[in-house]
Every structure is written in structure tokens, then in C-alpha cells.
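Q: What follows is a structure written as C-alpha cells; I'll ask about it next.
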Amino acid sequence: MITTITTALENTRQDLLHTISGFTQEQFNSIPFKNSWTAGQVAEHIVKFSSGGAEILEAPGTDTQRNPEEKVEPLRDLFLNFDIKMTAPDFIQPSSTPKDKGAILRSLENGFDPMISLSKTTDLTLTYPDFELPQYGTLTRLEWLYFICFHTQRHIHQMKNIRKYLN
């Protein structure tokens, strides 16, 4: 799995950028239905969420006393279950202001680049001890990268549904 995370990050980034590019600027900031984020807000949420990915890879890690891929499948099962509704923590909630699609695209592309590069050169088996994910505890660098992929894929699915609704 370690060898495929780089490909997963690249494919997820490509799908994300392609999905966002499919919105007009107006659609990007249109509320599709009651109690929904706009596609721009979803994209801003992804920017906020994934912005720490490179920091996790560059931060000191600790030796992992378990299979470094142990939590990948449970994270996949949770985040790619589209029947479950989730609420983002306050610190990664998007603002209500309109979003500039071009700026968001650049931010996302620039945000994924360091993670992709570091995924090729960093020891992904080390555990990142500075943050515990509720119900999962600490994650290895590899698990964090997959978490970022699954979380992003979940929101790509959401944006595709928003686009269908707006069209």
C-alpha cells in the first residue's frame, strides 16, 4: 500500500481539480438546496483540511508498534460510506463568503504537491503522535495520507452531486 499512496494522491488531486473545473464561477457559489454548502465551500473545507498534510510528513514521527496500514480500511469504510452524514469540526468549517474558483484551484494544486513529493521520500511507517483522531487514535503518516485521500474523495462525490442538482 505504501507504494500506491503517491498514485492515490495524484489521482485524487486530478479528480478534484477536474470536478471543480466543471463548475462555472456562479455555480461554484450557488447553494444547491437547503442546508447544503456550495461547491466553493466544500472546496474551501478541503483546502483547510488538507493544508496540514505536508506538516504531518515533515514533523517528527515515532516508531509504530503495529501494522502501519492497520487503519486504512476502517478509514476508507467510514469516509466512503456516502449514507453517513458527518459534521466538520469548527476549525475546518468554510466561511460564508463567495469563493474565487481560480484561487481555490491553485491552492488545492499547491497543497497537494508537497504531499505527493514527500510521499515518495518520507518514512510513511512512522506514527504522527501530535494529534489523535477520535475513535482511531494516532495515525501513521501513511494512514494520514489515505485519510486525506478518502476525505477528499468523499467531497468530490458531494461536489458531483451538487453539480447534478445545479444542472
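The values are calculated or read from the model by the stated rules, or taken from the named source; none is laboratory data. These numbers come from a predicted model, not from an experiment. Cβ placement follows ideal geometry from the backbone for every residue including glycine, while neighbour counts extend to all protein chains displayed. Quick note on the areas: whole protein, heavy atoms, side chains included, nothing else; ligands and nucleic acids left out. Shrake-Rupley method; radii C 1.70, N 1.55, O 1.52, S 1.80 Å.
Q: Specify whether the C-alpha gyration tensor of the range 50-106 places it in the rounded, prolate or oblate class, a ≥ b ≥ c being the square roots of the eigenvalues: rounded for a/c under 1.5, otherwise prolate if a/b is larger than b/c and oblate if not.
A: Here the range 50-106 falls in the oblate category.
Q: What is the count of Lys pairs in the range 1-137 whose alpha carbons sit under 27 Å apart, if the two are 8 or more places apart or on different chains?
A: Within the range 1-137, the lysine pair count is 13.
Q: Could you state how much accessible area PHE147 has, in square angstrom rounded to the nearest 10, with a 1.4 Å probe and all protein chains kept in place?
A: Here the accessible area works out near 10 Å².
Q: Then there's this: Quickly estimate the mean residue ellipticity at 222 nm for the chain, helices only: each DSSP H run with n ≥ 4 gives -39500 (n - 2.57), and the total goes over all residues, rounded to 500. Before the final figure, lay out each step's value.
A: Details: 7 runs with 94 residues, N = 167.
Helix-only estimate at 222 nm: -18000 deg cm²/dmol.
Q: Between GLN14 and LYS85, what length comes free when the chain is fully extended (0.36 nm per residue of separation minus the Cα-Cα distance, one decimal in nm)?
A: Values: separation 71, 0.36 × 71 = 25.56 nm, distance 2.49 nm.
Using 0.36 nm per residue and subtracting the Cα-Cα distance, I get 23.1 nm.
Q: Now a separate question. Hey, what did the range 17-167 get for relative contact order, percent, Cα under 8 Å, at least 6 apart?
A: Once normalised by length, the contact order is 40 percent.
Q: Which of these, ASN110, ASN81, ASN35, has the largest mean-square fluctuation under a Gaussian network model of the chain (Cα springs below 10 Å)?
A: Looking only at ASN110, ASN81, ASN35, the largest GNM fluctuation is found for ASN35.
Q: Calculate the spin-label point distance for SER21 paired with ASP63, positioning each point 7 Å from the Cα along the beta-carbon direction, and give it in nanometres.
A: 4.6 nm
Q: Could you check how much of the accessible area of the chain is carbon and sulfur, as a whole percent, using a 1.4 Å probe?
A: 50 percent
Q: Per 0.36 nm of contour for each residue apart, how much would the distance between SER117 and ASP100 grow if the chain were fully extended, relative to their Cα-Cα spacing?
A: 3.5 nm
Q: At 0.692 mPa s and 37 °C, plugging the Kirkwood radius over alpha-carbon pairs of the range 1-76 into Stokes-Einstein gives what diffusion coefficient in µm²/s? The partial results should precede the final answer.
A: Numbers: Rh = 15.3 Å.
Translational diffusion coefficient: 214 µm²/s.
Q: How big is the equivalent ellipsoid of the chain along its three axes, where each semi-axis is √(5λ) from the Cα gyration tensor, reported in whole Å from largest to smallest?
A: 29, 16, 14
Q: So what are the ³J(HN,Hα) numbers for the range 39-56, from phi and the Karplus equation (6.51, -1.76, 1.60; θ = phi - 60°), rounded to whole Hz, Gly and Pro as x?
A: For the range 39-56, the Karplus-derived couplings read 4, x, 5, 4, 5, 4, 4, 5, 4, 5, 5, 8, 4, x, x, 5, 4, 4 Hz, x marking Gly and Pro.
Q: If exposed means no more than 12 neighbouring beta carbons inside 10 Å and the site is in a DSSP loop, what's the longest run of the chain without any exposed trypsin sites (Lys or Arg not before Pro)?
A: 86-167
Q: While we're on this one: Report the relative contact order of the range 1-105, percent, no decimals, based on alpha-carbon pairs under 8 angstrom and at least 6 residues apart. Intermediate results must be reported in sequence, preceding the final value.
A: Working: 46 pairs, mean separation 43.8, N = 105.
This gives 42 percent for the range 1-105.
Q: What angle do you read, to the nearest 10 degrees and between 0 and 90, between the alpha-carbon axis of helix 101-121 and the longest principal axis of the chain?
A: 10 degrees
Q: Residues with amide H under 5 Å of THR140's amide H, sequence separation 5 or more or different chain, H placed in the peptide plane at 1.01 Å from N; which?
A: Here the answer is TYR128, since their amide H atoms fall under 5 Å of that of THR140.
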